[in-house]
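What follows is a single structure, written as structure tokens, with notes after it.
The values are calculated or read from the model by the stated rules, or taken from the named source; none is laboratory data. For clarity, every value in this text was computed on a predicted model and none was experimentally measured. Using ideal geometry, Cβ is built from the backbone for each residue, glycine included, and neighbour counts are taken over all protein chains shown.
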Amino acid sequence: MKPFSIATMVAIMLPLVLLPLASIFLFGTSKGLYSFWAALTAPEAIFALKLSMVTSFWATCFNVLFGIFASYVLSRYNFWGRNALIVIISLPTAIPTAVAGFSLLLLWGPYGTLGRLIEPHGVKVMFTAYAIVLANIFVTFPLAFGVIKPVFDTMSRSLEEASATIGATRWQTFWHVTLPSLRGAIVTGALLTFARAVGEFGSTILVSGNLANHTQTAPLYIFAKFNEGQVEAANAVAIVLALFSFAIFSVLFFARDWLDTE
Amino acid sequence: MQPEEITTIFSNEVAEAAAPAPPAESEREQAAASLRGVSKKFRDTVVLADIDFDVAMGESLVLLGASGSGKTTILRIIAGLEEPDTGRIILHGKDVSELPSRERGVGVIFQAYALFPRMTVEKNIAYGLRIRRRSRKEIKETVDDLIKLVRLEEHRKKYPSQLSGGQQQRVAIARTLAYKPQVLLFDEPFGALDAQTRVRLRREIRALLKQVNVPAIFITHDQEEALELGDRIAVLNAGRLEQIGTPDEVYNKPETEYVATFLGAANLLLGVVHDGGVEIGTVNIPARDETARFREGQAVKLVFRPEDVCLSRTGELPADCQRLTNGVVEEIHFVGAYERLTLRLDLIARQPSEGAPLLYSVTITTDEKRTGVPIIVTRPKPEATTRRLQAGDRVAVGLTAFRVLPNYALATERASRIVDIER
């Protein structure tokens with residue numbers, strides 16, 4: 001029974017997940033490592049990868065910090081509308097990314113509610129790298145929060161009370177006692193957020209303008225090169241992104257014990 | 001968790017030597033901690049009603065009460081973790097009522113110890129000094145001393161999860177001692193431990209406290225623990241202080257029925273004050289001192305402990321034993337160190353005067369119609385074996401000690417207001 005079950009499972013996964021993944025590696029390296037390397041080191045490709053990393057980095061920073069803060073507030077204080085806020089924070093998971101990008105355009109775009117106000121002052125948000133960061137923040141908003149809040153919810157209050165009676169200020173307590181307990185959740189939340197942001201496509205394509213060497217992230221680059229028929233160029237970056245997610249999820253999986261330890 | 005292996009912190013001799021030495025009179029004058037008129041309500045429920053007490057320098061006071069009696073709230077109020085509605089908290093002569101927890105300088109040993117899980121034993125102990133920005137040298141010296149004091153030398157680099165319950169508790173104590181607290185507060189300190197460890201640890205803690213001479217307040221619902229740990233015991237019931245006194249006082253001279261029944265077992269017999277004694281049914285027990293505070297004819301309760309009863313088949317009672325009445329042995333149970341008997345006393349209700357309610361109405365719901373007032377008696381093993389009794393034996397019953405308390409229903413009225421807010 002056991003070998004049969006395993007075989008069935010792998011057989012189902014094969015065409016759905018395993019083969020697609022394998023094919024980007026097979027195809028990407030079919031013309032030799034040299035051409036793969038050349039495709040990868042093309043200035044546009046490097047720019048796209050860099051831009052993805054940088055925008056995802058800032059989105060991650062923001063969402064982790066905000067996630068800690070929002071978790072604290074929503075876990076520690078009971079107030080009218082708290083549950084509504086929790087639902088709203090979690091909402092971006094369920095919204096199609098194209099809708100997310102579109103709504104950002106409506107707000108910040110040249111004719112958008114806020115866009116109209118800032119445009120005359122020479123401030124432009126849409127179709128810049130900032131727009132990409134905004135889109136990333138929007139779509140990854142609930143990820144860090146979702147991991148950190150449960151830790152706050154289950155954290156024993158007596159640790160913080162003990163710290164207070166020992167003589168610590170609120171800030172010292174947070175720094176020395178609360179934060180260390182959040183370590184695992186913060187790392188997990190950051191990795192999830194970052195991985196999700198690097199791969200973001202739907203909202204980015206709407207808000208970034210998709211200008212090569214300018215506002216083109218790695219997923220947009222893959223899409224653009226594929227459309228232009230330069231499959232090899234697309235494939236090289238695709239391999240990097242695939243390896244990258246693989247690395248992040250390996251860390252999440254194998255470091256789970258370390259991340260979870262109380 | 002590792003199997004429990006706890007080395008006694010102090011050998012018995014040290015404990016004995018360090019133990020009694022009552023605080024000097026001058027030291028006693030300024031209390032280490034005082035509560036003045038502390039009250040707290042939670043919505044409509046009175047959690048604490050006008051609590052007043054002092055803890056002397058070097059003294060340990062036990063707050064004893066059932067869950068919901070408000071003892072945890074008192075502790076949290078002293079620590080500044082909760083605010084009273086009214087009243088002041090004074091530590092070493094300084095009113096700290098308005099100060100936040102961190103400025104009060106109290107050491108709280110939480111029920112589950114609340115050790116910081118990501119810090120080693122030494123880091124936990126050093127925490128109070130580290131946040132006070134003490135020098136590295138001072139921190140190291142203090143931590144070394146304290147680790148030695150609580151005998152955790154081999155465990156200093158371990159994390160709390162690697163320690164046994166008793167070791168964790170010692171870390172928790174050392175962690176508070178590091179910043180020289182004005183008073184130590186122990187929240188049900190032995191709740192999480194098995195019975196054997198509990199007994200050993202409370203001896204250790206008592207010896208430790210005498211050594212460091214820091215006043216301590218314990219809260220517990222365990223009467224045995226209270227009697228052993230406390231220089232004095234404060235018995236709480238439904239947010240009220242029923243009695244505060246030495247273990248001897250609260251046990252042997254309970255001032256209320258609640259105290260008598262909460263601390264140990266007690267038999268209660270209804271009676272009236274008559275002619276310098278207590279009249280119960282047809283007998284009158286002379287008790288001039290005890291009845292002096294009651295008026296003639298007042299309804300009272302005669303309260304006595306099961307171990308204060310002496311029994312004799314021959315009818316001859318020892319000289320120090322005051323004869324009560326006769327009775328029949330109904331049941332005998334052997335419960336380890338002593339023997340427990342149920343006795344039915346030959347007390348017949350005194351005929352009430354015209355119109356007055358019956359003083360006695362004992363109803364027993366068994367098939368067999370039985371008369372008499374049941375009491376519980378315990379006899380130590382030597383007596384139980386030398387003077388054997390059997391069910392059905394008739395015996396003379398006397399008392400070596402008893403209390404006379406007013407008979408009012410207040411105890412139960414209060415009890416009905418108990419709301420468990422501690423969890």
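Pick out the one residue from B:259, B:300 that is more than 30 Å from residue B:387 (Cα to Cα) and either part of a helix (DSSP H, G or I) or touching a Ser or Thr at 6+ places or on another chain (Cβ under 7 Å) (or both).
Working: B:300 fails: either part of a helix (DSSP H, G or I) or touching a Ser or Thr at 6+ places or on another chain (Cβ under 7 Å) (or both).
That would be B:259, the only listed residue that is more than 30 Å from residue B:387 (Cα to Cα) and either part of a helix (DSSP H, G or I) or touching a Ser or Thr at 6+ places or on another chain (Cβ under 7 Å) (or both).
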Qualifying residue in the range A:185-197 (condition: of a type in the set (A, V, I, L, M, F, W, C) and over 26 Å from the mean Cα position of the chain (by Cα)): no
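Where in the range A:114-172 are the helices (runs of 4 or more DSSP H), entirely inside, with at least 3 residues that are of a type in the set (A, V, I, L, M, F, W, C)?
Working: elements: A:115-118, A:129-154, A:157-166.
Ranges flagged: A:129-154, A:157-166.
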Qualifying residue in the range A:238-254 (condition: within 14 Å of chain B (Cβ to nearest Cβ), under 24 Å from residue A:180 (Cβ atoms) and loosely packed, with under 14 Cβ neighbours inside 10 Å): no
Unmet requirement for residue A:140, which otherwise passes all of (1) in contact with a Lys or Arg (Cβ under 7 Å, 6 or more places away or on another chain); (2) over 18 Å from residue A:205 (Cα atoms): (2)
Residues satisfying the stated conditions in the range B:311-325, i.e. closer than 19 Å to residue B:391 by Cβ and either crowded, with 19+ Cβ neighbours inside 10 Å or without any contact (Cβ under 8 Å) to a residue 40 or more places away in the chain (or both): B:311, B:325
Residue ranges of helices (runs of 4 or more DSSP H) in the range A:1-67 with at least 1 members among the aliphatic types (A, V, I, L, M) and in contact (Cβ under 8 Å) with a residue 12 or more places away in the chain: A:19-28, A:33-40
Residue that is nearest to residue A:137 (Cα to Cα) [pool: residues in the range A:68-95 that are assigned to a loop (DSSP other than H, G, I, E, B) and of a type outside the set (A, V, I, L, M)]: A:81
Exclusive hit being at pLDDT below 90, more than 22 Å from the chain's Cα centre (by Cα) and more than 26 Å from residue A:40 (Cβ to Cβ), set A:262, A:232: A:262
Given (1) touching a helix residue (DSSP H, G or I) at 6+ places or on another chain (Cβ under 6 Å); (2) modelled with pLDDT under 90, index of the condition residue A:191 fails: (2)
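Conditions (1) within 23 Å of the chain's Cα centre (by Cα); (2) within 7 Å of chain B (Cβ to nearest Cβ), marked per residue:
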residue	(1), (2)
A:143	yes, no
A:158	no, yes
A:166	no, yes
A:173	no, no
A:177	no, yes
A:182	yes, no
Spans of helices (runs of 4 or more DSSP H) in the range B:116-227 with at least 3 residues of a type in the set (Val, Ile, Thr) and within 23 Å of the chain's Cα centre (by Cα): B:195-212
Contacts under 6 angstrom Cβ, first residue in the range B:280-303 being closer than 13 Å to residue B:322 by Cβ, partner basic (Lys, Arg) and part of a loop (DSSP other than H, G, I, E, B), 6 or more apart: none
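Can you name the residue in the range B:31-79 that is among the small types (Gly, Ala, Ser) and part of a strand (DSSP E or B) and is also nearest to residue A:167 (Cα to Cα) among such residues?
In this case the residue turns out to be B:33.
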Which numbered condition residue A:200 misses (of (1) crowded, with 22+ Cβ neighbours inside 10 Å; (2) within 13 Å of chain B (Cβ to nearest Cβ)): (2)
Residue A:201 being farther than 24 Å from residue A:45 by Cβ and in contact with a Phe, Trp or Tyr (Cβ under 8 Å, 6 or more places away or on another chain): no
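Please verify whether the range B:79-100 includes one or more residues that are basic (Lys, Arg), within 11 Å of another protein chain (Cβ to nearest Cβ) and either surrounded by fewer than 16 Cβ atoms within 10 Å (Cβ to Cβ) or in contact (Cβ under 8 Å) with a residue 12 or more places away in the chain (or both). Walk me through it before giving the result.
Our first condition is that a residue be basic (Lys, Arg); within the range B:79-100, this holds for B:88, B:94.
Those left that are additionally within 11 Å of another protein chain (Cβ to nearest Cβ): none.
So far as the range B:79-100 goes, no, none of its residues is basic (Lys, Arg), within 11 Å of another protein chain (Cβ to nearest Cβ) and either surrounded by fewer than 16 Cβ atoms within 10 Å (Cβ to Cβ) or in contact (Cβ under 8 Å) with a residue 12 or more places away in the chain (or both).
Taking the condition modelled with pLDDT of 90 or more, within 23 Å of residue B:200 (Cα to Cα) and not basic (Lys, Arg), does residue B:145 pass?
Numbers: modelled with pLDDT of 90 or more: yes; within 23 Å of residue B:200 (Cα to Cα): yes; not basic (Lys, Arg): yes.
For residue B:145, the condition - modelled with pLDDT of 90 or more, within 23 Å of residue B:200 (Cα to Cα) and not basic (Lys, Arg) - is met.
Would you mind finding the one in B:171, B:121, B:106 that is away from chain A (no Cβ under 14 Å), buried (at least 22 other Cβ atoms within 10 Å of the Cβ) and modelled with pLDDT of 90 or more? Give the derivation first.
Numbers: B:171 fails: away from chain A (no Cβ under 14 Å); B:106 fails: away from chain A (no Cβ under 14 Å).
Result: B:121 is the single residue among B:171, B:121, B:106 that is away from chain A (no Cβ under 14 Å), buried (at least 22 other Cβ atoms within 10 Å of the Cβ) and modelled with pLDDT of 90 or more.
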Residue match in the range A:117-127 (condition: of a type outside the set (D, E, K, R) and under 22 Å from residue A:193 (Cβ atoms)): yes
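Can you confirm whether the range B:265-272 contains a residue that is part of a loop (DSSP other than H, G, I, E, B) and in contact with a Gly (Cβ under 7 Å, 6 or more places away or on another chain)?
No: the range B:265-272 contains no residue that is part of a loop (DSSP other than H, G, I, E, B) and in contact with a Gly (Cβ under 7 Å, 6 or more places away or on another chain).
This table checks each residue for (1) crowded, with 17+ Cβ neighbours inside 10 Å; (2) at the interface with chain A (Cβ under 10 Å from one of its Cβ atoms); (3) out of contact with any Pro (no Cβ under 9 Å at 6 or more places or on another chain); (4) under 28 Å from residue B:55 (Cβ atoms).
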site: B:125; (1), (2), (3), (4): yes, no, yes, yes
site: B:135; (1), (2), (3), (4): no, no, yes, no
site: B:158; (1), (2), (3), (4): no, no, yes, no
site: B:164; (1), (2), (3), (4): yes, no, no, no
Residue in the range A:181-203 that is more than 25 Å from residue A:65 (Cβ to Cβ), of a type outside the set (Gly, Ala, Ser) and assigned to a helix (DSSP H, G or I) present: no
Residue pairs meeting the criteria (Cβ under 9 Å; at least 6 apart or on separate chains; first within 17 Å of residue A:220 (Cβ to Cβ), in the range A:234-248; second modelled with pLDDT of 90 or more and of a type in the set (Asp, Glu)): A:234/A:228
Among (1) closer than 26 Å to residue A:155 by Cβ; (2) surrounded by 17 or more Cβ atoms within 10 Å (Cβ to Cβ), the one test that residue B:147 misses: (1)
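Before we move on, is residue B:367 out of contact with any Gly (no Cβ under 6 Å at 6 or more places or on another chain), acidic (Asp, Glu) and modelled with pLDDT under 85?
Numbers: out of contact with any Gly (no Cβ under 6 Å at 6 or more places or on another chain): yes; acidic (Asp, Glu): yes; modelled with pLDDT under 85: yes.
Yes; evaluated as a whole, the condition is true for this residue.
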Among (1) in contact (Cβ under 8 Å) with a residue 24 or more places away in the chain; (2) crowded, with 18+ Cβ neighbours inside 10 Å, the one test that residue B:245 misses: (1)
